[in-house]
Amino acid sequence: MPEITKITSGSLAKSNKLNEVINIVNSIGFNLTVRAGINDETPQLIVSDNNAELIVSAGGSGSGGNIDGYVETSVTLCQNGSPVNGQILFKEDEEEEA
């Protein structure tokens, strides 16, 4: 997805405030990582010129554990034709009664 282009001419470009907003929107929209907080880490959004990090509340007990109902599961995925090992949070669908 293309980034929003900065303004280089006109009255809005003179103050550079619009370009600051464009930088932040591009960081959030295109380079955002999300992670669970560690221990009592406060949920927050940290934005720089090139990326953004969203820290969310730790699930369950607040001790940095998994989100309620999800289990950390080892997986192997194909990335550019090569296997890559990693872990995901997985929640099994509940079976419907027939």
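A short reminder: the numbers here are calculations on the coordinates, not readings from a lab. The structure displayed is predicted, hence computed values, not measured ones. Cβ atoms come from the backbone with ideal geometry, glycine included; neighbour counts cover every protein chain shown.
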Checklist line | Rounded to the nearest 20 debye, dipole of the chain from Cβ charges on Lys, Arg, Asp, Glu | finding: 1000 debye
Checklist line | Dipole magnitude of the range 1-57, debye to nearest 20 (Cβ charges: Lys/Arg +1, Asp/Glu -1, about Cα centre) | finding: 320 debye
Checklist line | Partners for LYS6 among lysines (Cα-Cα distance below 20 Å; same-chain residues under 8 apart left out) | finding: LYS14, LYS17
Item checked: For the chain, the spread of Cα positions along each principal axis, largest first, Å -> 63, 40, 33
Next item on the list: Report, to the nearest 10°, how far helix 17-30 tilts away from the longest principal axis of the Cα atoms in the chain, using its own Cα long axis and a range of 0 to 90°.
Entry: 20 degrees
Next item on the list: Pull out the extension gain between TYR70 and ILE46, defined as 0.36 nm times the separation in residues minus the alpha carbon to alpha carbon distance; nm, one decimal.
Entry: 6.1 nm
